[in-house]
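I have placed the structure first, in the form of structure tokens, so that the comments after it can refer back to it.
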Amino acid sequence: MAAARGSSEGVRRSDAIVARRRRDRMRRYGLYLLAFVILAWVFHSTVVEATDWARIGSLGSVLETLGRFLPPDLSLAPQLVQPMIETFMMALLGTLLGAFLSVPVIWLGAYNIAPFAPVSYAIGRGLMTVSRSVHELVWALIFVAAVGLGALPGILAVAFRSIGFIAKITAEAIENIDRRSLEAIYAAGGNRLQVLRYAVMPQVLPTFTSVVIFEWDINIRRASIMGLVGAGGLGLTFYRQMAMFNYAGVTSVIVAILVLIGIGEVVSYLLRRRMI
Amino acid sequence: MTAPSATSRRRWRRFRYPDSLYRFAALLLFLVLVFYALDYLNVHLERLADVGGRVAVFLAERYYPPDLAYVTDADYLAYVGETMQMALLATVFGLALAVPLAWFAAFNVSPSRRFFYPLGRFSITGARAIHETIWAILFVNLLGFGPFAGVLALTMFSIGFAGKLMAEEVEGIDRGQVDAIRATGAGPVQVLIYGVIPQVKVAWTGIAIYTWDVAFRAATIVGFFGAGGMGWYLRRTIEGLETERTAAIILTILALVMASEALSAWARARVMNR
């Protein structure tokens, strides 16, 4: 009706809106199409072309291969107990060490409490990124080369991989704390250390604890692969069973990992509920 | 007003008698556990004494001039490209499966609490519990070397990663909107589309981007066990003791992961602020 009243201004405006919507819609469909074409190309080049389909054979033969993994080899069960405990302990010690090592990194990387903010902030953040960017397997390779085989490189690898995440979350929590409590401790004559102890720590300890518990949960699955590169635990058993082509035994190891993760999940749930 | 005579002399403590004892006992127990673990694992702490120095010397001597010519080679770059493709494809597949599984596994809107909820929970937890390298080994065993195995391994990884976060996001939504849709007589699918997805769309997009980032990090490694991508080069140079090349490869992994992390942080910030 607005058009009939002779307001060519309104017509023009509504036409422009319609045209813009149509253009936006076309652009969106164009993007969908582009995304689809890219995905199809990626699928073609990585899956269709780069796969040795003759090696895989028919679906039946894949299922047959899969069948070798079943049922789990129960005779392996007694030999799994020790690696399970080892993996569990490796995760525990690794998380603990990671939590300790993350404290200085947090101190450097939290802008409002860092000793010389512009420089230390960059160092702290850099350490966090490196810690998280290097995969646990690479950390394990480095530490196996440095301290030899055994549980120690596994513990160190788990610890170094955990530093980044623990430090990042805690540093962000510290940056968001209430400034006034810091100033209150300063005003009462507290030095920097006392400010950290009485103003910063009480405010971020819950965050720190819960992120450590969260990380411990993840570290159990990390610890379970350390054996693949020579650092003991369930990974070593997995590797041996695989090397012996004892696929039923491989399934047993996987069941053991699942059990361990299940225990970890229950324990971390209980711990977190107690803390909060 | 009574004089605070009896109480003022007593030293203030945060935890009173039975509590303080429990806390002390818990700490003691924990320390015993730690030392028992160190003993059980046969950890030689003295090896730690100069580990920093040793790592530094050994990096400087053997790994130091990273062989950068090796990683700018066209063959290697093709594998880098393959790694990116694997991560992209696996993220898409993983998300396609994670969305329904997250819906099943979110207790508040699950289509069936008796049947679908445990199914979703179990699938996500299982996919998550098994580390991506173990998935890679299993799929290589099943399907042979190559990126297909890697894509499947990373798909499992993405399901576990995204599924858990997405389900948690759904469990935190506003019940009112869900109830409102339900009250109109909508079925579970309609509740999902009109009651749940509008509330979690932004968060899910963020999770999707994050999943890609993390899957890319994992994609650089699965090749170590023959599942395609640049990890294969890592294995080759490590087993050939070509340490300067290994150093260069680790540097490329670091650079790529940092770049992907920056990209994902930027994309997430854009999605969240809109």
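Key figures for this structure:
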| item | result |
| --- | --- |
| Rg(Cα) / (2.2 N^0.38 Å) computed for the protein assembly as shown, rounded to two decimals | 1.12 |
| Among A:R132, A:R179, A:R22: highest mean-square fluctuation, GNM of chain A, C-alpha pairs under 10 Å | A:R22 |
| Packing-based exposure ordering (other Cβ within 10 Å, fewest first) of B:Y36, B:Y210 | B:Y36, B:Y210 |
| Projected area averaged over orientations for chain A, convex hull of C-alpha atoms, nm² | 27.5 |
| Cα centroid separation - segment A:120-172 against segment B:123-143, whole Å | 23 |
| Inter-chain Cβ neighbour average for residues A:88-98, partner chain, 10 Å | 3 |
| Kirkwood hydrodynamic radius of chain B, Cα pairs, Å | 22.8 |
| Residue-averaged beta-carbon neighbours from other chains (10 angstrom radius) around A:38-44 | 4 |
| Pairwise FRET efficiency - A:Y32 versus B:V55, Cβ, R0 = 41 Å, nearest 0.05 | 0.25 |
| Cα-based Kirkwood hydrodynamic radius, segment A:164-224, one decimal, Å | 12.7 |
| Average beta-carbon neighbours from other chains, 10 Å sphere, peptide A:49-57 | 5 |
| Residues B:A74 and A:R55, FRET efficiency given R0 of 25 Å [Cβ-Cβ distance, rounded to 0.05] | 0.40 |
| Nearest-0.05 FRET efficiency for A:E172 and A:Q82, computed from C-beta distance (R0 51 Å) | 0.80 |
| Cleavage-rule hits, chymotrypsin sites (Phe, Trp or Tyr not before Pro), segment A:89-192, DSSP coil, Cβ neighbours within 10 Å at most 11 | A:F116 |
| Euclidean distance of C-alpha centroids, segment B:60-102 and segment A:196-231, integer Å | 27 |
| Contour minus Cα-Cα distance for B:S112 and B:Y22 (0.36 nm per residue) | 28.1 nm |
| Local electrostatic count, B:V151, Cβ distance below 14 Å [Lys/Arg +1, Asp/Glu -1] | -3 |
| Restricting segment A:198-270 to chymotrypsin sites (Phe, Trp or Tyr not before Pro) in coil, as DSSP defines it, with at most 14 other Cβ within 10 Å | A:F245 |
| Under the Karplus curve 6.51 cos²θ - 1.76 cosθ + 1.60, θ = phi - 60°, whole-Hz ³J(HN,Hα) for segment A:81-87, x wherever Gly or Pro sits | 4, 4, x, 5, 4, 4, 4 |
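Coordinate-derived values only; no laboratory data. None of the values given here were measured: they were computed from a predicted structure. Heads up, the Cβs are rebuilt from the backbone with ideal geometry, glycines too, and the neighbour counts pull from every protein chain shown.
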